[in-house]
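**Student:** Mind looking over this structure? Questions follow.
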Amino acid sequence: MPVVITFPSVRLEMPPCDARAITGVPTSITAFVGRTERGDVFAPIRCFSYADFEHRCGGVWAQSELGYAVWQFFQNGGSHALISRVTTGASSSTVELAAEPAGDSAGDSAGDSDTQSAVALQLEAANPGAWGDTLRASVSYDPPGATNAVTSGGFHLMIEALDPSASGPLDPVIATEIFEDLSLVPEHPRYVEEVLARGSELVRVAQISDQRPVSVTRARFTGGDDGRNGDVRDYEGAISRLEQVDMINLLVIPPKSRTLDTDPRVLATAASYCRNHRAMLLVDPPLAWSRVDDAVNLTGLTFLRTPNTAFYYPRVICPDPIHGPRSFAPSGTVAGVIARTDAERGVWASPAGLEATMFGVSGLDVTLAPDQLDTLEAAGVNALVVRAAAGPVIWGARTGRGADVLVSQWKLLGVRRLSLFIQESLYWGTRWAVFEHNDEALWALLRERIEAFLGRLFRQGALQGASNEEAFFVRCDAQTTSPTEIEYGVVNVVVGFAPIEPAQFVILHFQQLAGL
């Protein structure tokens, strides 16, 4: 309500905020599934830069292709990655800290070795992998007469991570964590198990007693194992962990290694996940695709011809700091280009053409002739080519249903991703309706909010037409929702929109619960 001004003054009045306005969701959150050197195994790991990925997951790793894919993703414009780690047969490094001998003083750091057999505290690396063998644990007490002495039975703990690539007697430290005045008493505010679980990125408590650990310097962690290449069940488990996040837009499953492709059963699970969660799966060419005809026929991968997949061919040549320049699966690079295109031109723009330059790519392992490009396009496979003016670029933007013979409305990648974007935005932007009365007032409000959202897309250039009426329509009334559906709390909304691609008009049906 406006303020009534009774005397000259300057007043600031905040306009009311419409909490029910529909806003666009992110479009290029990219999930990567595979092995990493380190990282959480219970939940996806969010990374917003390659430095972030290097810190939390270990960076490029010779035993897995995932690190290279993430590196190429951020190099080409990606900004938000989710890492779901596969750890088949991996184990965590541990260290046992001996108990303080009975009768020792708080400052005594020595003792007869025969009396130190009891284990006071067993620590383990925060997550599995041989990386944990670089950890060192040091226990200390305050010297007698210290001003801020530890509480009775307390101790200080320092954890150091050494540089695994360094050689020499100095053992350079790359990370240090210090925890002071720790206690072995569960009721204590500095209880060691809770403090490490809450504040350490490096270690956790595996076993604990009621005896204080003896003072020690740089006790070595041992027993870490990187495991082996993941099996189908572990990959499927890593894909299912993506359920813990609100949304992803792109899914990348890099090959297991330089010589092993991703199992087709894993790709089938990934395609099913994308279909159910409004995401796109970027499919790499298998190593066995030695001829263009293999790509045209989708040899071994015909079951992935879905609207929520996109095929790319051939493989890219990129630098490898470990092995030198070699060929890589292109999905990480392509995901970065798609993210860059979304940021610069919008999700509705095709991530292809001279603007879709693949940075960090020095070449391709197959040179495609012009007639082969036409054949691949007709088959719904997106070609990667080298153009003199732009270098290596993406030269195709079709989905898995993009083959000409299929005549699908989801032929074009830009149209499909725009549709997924609209669906996801409406899903998250209309959840407020669940507690509203399912009547004409709600239907009118839904129409108003959805039309306002689509109107903004139209003004941004995502839709074609000379006016809103030509660009989209929204129907939500007694014609779309029956009395029986009203009784069960269901409201139906029909949305139609005209993407910028010619001869296309897409109609979406979605339901929202209301009146609960």
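The values are calculated or read from the model by the stated rules, or taken from the named source; none is laboratory data. Just so we're clear, the structure is a prediction, and the values are computed from it rather than from any experiment. Ideal geometry is used to build each Cβ from the backbone, glycine not excepted, and the neighbour counts take in all protein chains shown.
**Student:** Just one of Tyr312, Tyr273 is at pLDDT 95 or above and either touching a Pro at 6+ places or on another chain (Cβ under 6 Å) or not in a helix (DSSP H, G or I) (or both); which is it?
**Tutor:** Result: Tyr312 is the single residue among Tyr312, Tyr273 that is at pLDDT 95 or above and either touching a Pro at 6+ places or on another chain (Cβ under 6 Å) or not in a helix (DSSP H, G or I) (or both).
**Student:** Ok, one more. Only one residue in Ala466, Ala452, Ala514 is modelled with pLDDT of 90 or more, over 30 Å from Leu304 (Cβ atoms), of a type outside the set (Lys, Arg) and over 31 Å from the mean Cα position of the chain (by Cα). Which one?
**Tutor:** Ala466
**Student:** Something else now. Take the residues in the range 277-295 that are under 17 Å from the mean Cα position of the chain (by Cα) and at negative phi; name whichever of them is surrounded by the fewest Cβ atoms within 10 Å (Cβ to Cβ).
**Tutor:** His277
**Student:** Can you tell me which of Thr6, Thr36 is modelled with pLDDT of 95 or more and outside any strand (DSSP E or B)?
**Tutor:** Thr36
**Student:** If you don't mind, there's one more thing I want to ask. If I ask for residues that are part of a loop (DSSP other than H, G, I, E, B) and within 28 Å of the chain's Cα centre (by Cα), which ones from the range 378-401 would you list?
**Tutor:** Gly380, Gly396, Ala397, Thr399, Gly400, Arg401
**Student:** Continuing with this model, one more query. Return a yes/no flag: does the range 334-344 have any residue that is assigned by TED's automatic domain parsing to the domain that holds Leu406, part of a strand (DSSP E or B) and surrounded by fewer than 22 Cβ atoms within 10 Å (Cβ to Cβ).
**Tutor:** no
**Student:** Can you tell me how many residues in the range 243-276 are in contact with a strand residue (DSSP E or B) (Cβ under 9 Å, 6 or more places away or on another chain), under 14 Å from Arg315 (Cβ atoms) and surrounded by fewer than 21 Cβ atoms within 10 Å (Cβ to Cβ)?
**Tutor:** 1
Conditions (1) within 16 Å of Phe311 (Cα to Cα); (2) surrounded by 15 or more Cβ atoms within 10 Å (Cβ to Cβ), marked per residue:
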{"position": "Ala379", "(1), (2)": "yes, yes"}
{"position": "Ala389", "(1), (2)": "no, no"}
{"position": "Val393", "(1), (2)": "yes, yes"}
{"position": "Ala397", "(1), (2)": "yes, yes"}
{"position": "Gly402", "(1), (2)": "yes, yes"}
{"position": "Gly414", "(1), (2)": "yes, yes"}
{"position": "Gly429", "(1), (2)": "no, yes"}
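**Student:** If a residue has to be of a type in the set (A, V, I, L, M) and in a loop (DSSP other than H, G, I, E, B) to count, how many in the range 276-287 make the cut?
**Tutor:** 2
**Student:** A further question follows. List every residue pair whose Cβ atoms lie under 8 Å apart, where the two residues are 6 or more positions apart in sequence or sit on different chains, the first residue falls within the range 445-461 and is assigned by TED's automatic domain parsing to the domain that holds Ile507, and the second residue, located anywhere, is hydroxyl-bearing (Ser, Thr, Tyr) and assigned to a helix (DSSP H, G or I).
**Tutor:** Close Cβ pairs (under 8 Å, with a partner that is hydroxyl-bearing (Ser, Thr, Tyr) and assigned to a helix (DSSP H, G or I)) amount to Phe453/Ser425.
**Student:** If a residue has to be assigned to a loop (DSSP other than H, G, I, E, B) and either of a type in the set (Val, Ile, Thr) or within 22 Å of the chain's Cα centre (by Cα) (or both) to count, how many in the range 201-227 make the cut?
**Tutor:** So the count comes out to 4.
**Student:** Of everything in the range 157-174, what is in contact with a helix residue (DSSP H, G or I) (Cβ under 8 Å, 6 or more places away or on another chain) and either assigned to a strand (DSSP E or B) or surrounded by 15 or more Cβ atoms within 10 Å (Cβ to Cβ) (or both)? Give them in sequence order.
**Tutor:** Those that are in contact with a helix residue (DSSP H, G or I) (Cβ under 8 Å, 6 or more places away or on another chain) and either assigned to a strand (DSSP E or B) or surrounded by 15 or more Cβ atoms within 10 Å (Cβ to Cβ) (or both): Leu157, Ala161, Leu162.
**Student:** Something else now. Within the range 184-217, can you find the residues that are under 12 Å from Gly154 (Cβ atoms), touching a Gly at 6+ places or on another chain (Cβ under 8 Å) and in contact (Cβ under 8 Å) with a residue 40 or more places away in the chain?
**Tutor:** Passing the criteria: Leu184, Arg212.
**Student:** Could you list all residues from the range 61-88 that are farther than 22 Å from Thr27 by Cβ and among the β-branched types (Val, Ile, Thr)?
**Tutor:** Val86, Thr87, Thr88
**Student:** Any residue in the range 349-372 that is part of a helix (DSSP H, G or I), among the β-branched types (Val, Ile, Thr), modelled with pLDDT of 95 or more and under 23 Å from Gly77 (Cβ atoms)?
**Tutor:** No, because not a single residue in the range 349-372 is part of a helix (DSSP H, G or I), among the β-branched types (Val, Ile, Thr), modelled with pLDDT of 95 or more and under 23 Å from Gly77 (Cβ atoms).
**Student:** Which pairs do you get when a residue that is in the same structural domain as Ala356 (by TED's automatic domain parsing) and in a strand (DSSP E or B), found in the range 76-94, comes within reach of a residue that is modelled with pLDDT under 95 and aromatic (Phe, Trp, Tyr), reach meaning Cβ atoms under 9 angstrom, with the pair 6+ apart or on two chains?
**Tutor:** Close Cβ pairs (under 9 Å, with a partner that is modelled with pLDDT under 95 and aromatic (Phe, Trp, Tyr)) do not exist here.
**Student:** Determine which member of the set Pro164, Pro143, Pro128, Pro213 is under 19 Å from Arg56 (Cα atoms) and either at pLDDT below 95 or of a type in the set (Asp, Glu) (or both).
**Tutor:** Pro164
**Student:** If you go through the range 175-189 one residue at a time, how many are at negative phi, over 32 Å from the mean Cα position of the chain (by Cα) and crowded, with 16+ Cβ neighbours inside 10 Å?
**Tutor:** So the count comes out to 4.
**Student:** Test of understanding: among Ala62, Ala90, Ala31, which residue is out of contact with any Phe, Trp or Tyr (no Cβ under 8 Å at 6 or more places or on another chain) and surrounded by fewer than 18 Cβ atoms within 10 Å (Cβ to Cβ)?
**Tutor:** Criteria check complete, one pass: Ala62.
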